[in-house]
Amino acid sequence: VPILQVQCPFDSSPKGMLLEILRVTDEYLGSSYYRSGTRNGTTTDTLIGLVSQVCLNHIGVLIIDEIQNVVKNRNGTLLIGVLMQLINCSGVSIMVVGCPECVPFFEAETQLARRLVGFQYKELTYDEYFVELCEFLFRYQYTRHKAEPTDGMISWLYEHSGGIVANVVRLLHATQEIAILNGSDIMNMSN
């Protein structure tokens, strides 16, 4: 059963979100559900029915990325209502992905709070797991010469990333980019 990932539109209108689900479904399946959804006079309720049917027949898990756009928009509560209807009508599992600023919003929405299971990535502590993560990430080097992670490098990564995995990845990427551009072609502390 397919997993479908859509990005929450910046306007976060319920109709826009439903149309985006249809558009991505068409892209994946080669279908024409989006065209059906954009006909004149199509209401949000009609779209909920159409998207529910599409989800029921073609989608196992619906992943909605950039959900923080809901929090920042006045239509956020309306969109949450639409997602609830979608869950109730189609039975599809919905996973939302967003920034930590979303958590209070979703916890305040009582109909969602009892249905959501939270999984959050937070900053890591400097421990064995962080060291293992860094050692794993060092396998993905695009420089000509491969560097071995040292205690000093890992400590530097922790200090400059705050233990946030995305920042560790960005730092390693930027270091390699600089090493390639400056001709050294190896990651080191001076990059």
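Given (1) at pLDDT 90 or above; (2) part of a helix (DSSP H, G or I), where does Arg144 come up short, assuming only one miss?
If we test Arg144 against (1) at pLDDT 90 or above; (2) part of a helix (DSSP H, G or I), just (2) comes out false.
What's the number of the condition Ile64 fails, among (1) open to solvent by 10 Å² or more (accessible area, probe 1.4 Å); (2) modelled with pLDDT of 80 or more; (3) not aromatic (Phe, Trp, Tyr)?
(1)
Return yes when Cys89 is surrounded by 17 or more Cβ atoms within 10 Å (Cβ to Cβ) and either in a helix (DSSP H, G or I) or among the small types (Gly, Ala, Ser) (or both) and no when it is not.
No, not satisfied.
Collect the residues in the range 82-96 that are more than 15 Å from Thr44 (Cβ to Cβ) and of a type in the set (Val, Ile, Thr), keeping them in residue-number order.
Ile87, Val92, Ile94, Val96
Could you tell me whether any residue of the range 17-34 is in contact (Cβ under 8 Å) with a residue 60 or more places away in the chain and open to solvent by 10 Å² or more (accessible area, probe 1.4 Å)?
No, the range 17-34 has no match at all.
Identify all residues within the range 52-61 that are surrounded by 19 or more Cβ atoms within 10 Å (Cβ to Cβ) and either among the acidic types (Asp, Glu) or assigned to a helix (DSSP H, G or I) (or both); write none if there are none.
So in the range 52-61, the residues surrounded by 19 or more Cβ atoms within 10 Å (Cβ to Cβ) come out as 52, 54-55, 59.
Listed by number, the residues that qualify are Ser52, Val54, Cys55.
Would you confirm whether any residue within the range 118-127 is part of a helix (DSSP H, G or I), farther than 28 Å from Pro2 by Cα, modelled with pLDDT of 80 or more and not aromatic (Phe, Trp, Tyr)? Quick ask: steps written out before the conclusion?
Step one: list which residues in the range 118-127 are part of a helix (DSSP H, G or I), which gives none.
No - not one qualifying residue is present in the range 118-127.
The values are calculated or read from the model by the stated rules, or taken from the named source; none is laboratory data. As the structure is a prediction and not an experimental result, all values here were calculated from the model. As a convention, Cβ positions derive from the backbone with ideal geometry for all residues, glycine included, and neighbour counts pool all protein chains shown. Ligands, DNA and RNA are stripped out before the accessible areas are found, and what is left, the full protein with its side chains, is counted by its heavy atoms. Shrake-Rupley method; radii C 1.70, N 1.55, O 1.52, S 1.80 Å.
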